[in-house]
Amino acid sequence: MGKTVAGLAVAVAAVACAGAVVVVSRRIRERGQRAKCLAILEEFRTACATPVSRLRQIVDALVVEMHAGLASDGGSRLKMLPSFVDVLPNGDEKGLYYALDLGGTNFRVLRVQLGGKEGRVIKQEYEEVSIPHRLMAASGQELFEYIAKELASFVNREGEGFRPHGNQKRELGFTFSFPVNQTAINSGTLVQWTKGFTCDGVPGKNVVQFLEEAMAKVGLQMKVTALVNDTVGTLAGGRYWNEDVMVAIILGTGTNACYVERADAINKWNGLLPRSNSMVINTEWGNFWSSHLPKTYADEGLDADSVNPGEQGFEKLISGMYMGDIVRRVLLKMAQEADIFGKPIAPKLMQPYTLSTPHMSKMHGDETHDLRNVAKVLKDAFNISGTSLTVRKIVYMVCEVVCERGGRLAAAGVVGILKKIGRDGTGAGAGGQPLSRSSSAKNVSSRPRRTVVAMDGGLYEHYGKFREYLQQATTELLGEEVAKNVLIELSKDGSGIGAALLAASHSPSQKNL
Ligand code: ADP
Ligand code: MG
């Protein structure tokens, strides 16, 4: 009997000991996994580093590419497209103008009654209309007729307070956010559809002609005065309120930038030089690339799996469509090599684009002590639950690295453009034409020149830490003194009203004001 009790005690001790061994070995394993995750994180952080010396190399590379793109067609990955916008709105515009903004799943129609310097925007109305999915694959005629019909019905509801100037025909600015070969301020051919559109018969044709024919067919009397890209619309919308706006940048799903260039610096320009000697250039900077840009295995994988490998390299590092997926790719490596979320690997973690940039910014904005928003996003995006605080901290850090790199690289882009137009404080370059009909001596004053960069896009608007990194790196690159005179400002939805304002500033009827 005594023997049995003693045996039992030994057995219990053995079990307890085995339990302790399991706990200890699990801890050792966890520690090993955590060390491996941290090593992956550190390796990634190093590969993403953007010290100011590197940013300066990127600034200089961008300036070189901008020069090359202006010198000849195909001279650079930067297309540097002349927009034919040689007059920006300055507040003098009067009358009724319409705008149509076609950029993706929706289009917006807008009307604005302009009252000159005194009255400014007297009245404004807009509507958003969704594009039925089937029309994205219909014929070009069908698509444009649908748009013209919706526009006509909006015009028919024009109420009190909206009046064309004199006997001016109604005029329209058309924001068309697809790649266009512009041939005049109010004409341009579609290079190719993007964003899921496949409407037959439009590529290679003048999109304004399509729209005008459709308007005629539905009995709408209206003239297209300006065809613009959304970046150019944003520049015009910003400039209307502030004559120091020289650059406009979109940081949304994708990214692009435009700026005011001296027309005689556009070597590839064959036309007459405009009277203002200025021209807005659409850089199409999403396609910028330089060997100085930090590229990791995650970026290489993302590019290889994308619909446009080898293209839009800068966009893939800094824009809203991609940053979330870069984070996912690093987490996947941690899952595969260090078992960060346990086994088996969640199928959604292996699936591209399951983690969006809004997801990423939600995790990165998590200020709770137990990072419960990180946990919630991991659950929502990947169906991963039960993570430890340590794991959530690592996930947070991956977001931080990707965001910091994106914001700082975007800053190098901003400063590259400022350098090209001589507004970076180094005295190089020479730009800064006022570019309005009433360009006057007041612009040539002794005060330090202020430069405003108009920003639009959901990424910039909603991702606070991205905005902070962008601002901080811009200040580092410019130095405090110069940075004081460079303002980066949100110019929300400027592109719609900007197109109406460009229709006004390019309208023949404005000449008589
Ligand atoms: P688009 O660029 O398609 O014209 P927006 O300018 O509205 O549209 O930008 C939308 C993009 O902005 C989204 O695709 C997303 O990547 C990004 N975005 C929106 N909200 C957030 C957010 N809270 N945090 C980070 N990025 C965001
Ligand atoms: Mg947009």
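Nothing in this text is a laboratory measurement; each read-out follows from the coordinates by a stated rule. Owing to the predicted nature of the structure, the values given are computational and were not obtained by experimental measurement. When we count neighbours, we look across all protein chains shown, and the Cβ atoms used for this are built from the backbone with ideal geometry, even at glycine.
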Is there a pair in K195/K316; K295/K376; K295/K484 whose C-alpha atoms are over 22 Å apart, and which pairs would that be?
K295/K376; K295/K484
Fewest to most Cβ atoms within 10 Å: L110, L371 sort as L371, L110
State the three equivalent ellipsoid semi-axes of the chain, derived from the C-alpha gyration tensor as the square roots of 5 times its eigenvalues, in descending order and whole Å.
52, 27, 20
List the equivalent ellipsoid semi-axes of segment 266-363 in whole Å, largest first, each obtained as the square root of 5λ for an eigenvalue λ of the Cα gyration tensor.
40, 13, 10
Find the relative contact order for the chain and round it to a whole percent, using C-alpha pairs within less than 8 Å whose residues are 6+ positions apart.
22 percent
Fewest to most Cβ atoms within 10 Å: V21, V155, V486 sort as V21, V155, V486
Overall dimensions of segment 11-167 by Cα: Rg and Dmax, Å
31.2, 103
Most packed first (mean Cβ within 10 Å per residue), the peptides 212-222, 258-268 order as 258-268, 212-222
Calculated FRET efficiency, Q221 and V64, Cβ-Cβ r, R0 56 Å, to nearest 0.05?
0.70
Helix 323-338 sits at what angle to the longest principal axis of the chain, using alpha carbons and giving 0 to 90 degrees rounded to 10?
20 degrees
Going through K79/K205; K362/K419; K94/K268; K117/K419; K333/K492 one by one, the pairs whose alpha carbons sit over 27 Å apart turn out to be K362/K419; K94/K268; K117/K419; K333/K492
What is the order of T368, T283, fewest Cβ neighbours within 10 Å to most?
T368, T283
Square roots of five times the C-alpha gyration tensor eigenvalues of segment 84-228, ordered largest first and given in whole Å, equal 26, 17, 13
Suppose every Lys and Arg Cβ carries +1 and every Asp and Glu Cβ carries -1, with no other charges. What dipole size does the chain come out with about its Cα centre, to the nearest 20 debye?
1020 debye
Which order, highest average first, do 413-422, 34-43, 497-506, 468-477 follow once you tally other Cβ atoms within 10 Å for each residue and take the mean per peptide?
497-506, 413-422, 468-477, 34-43
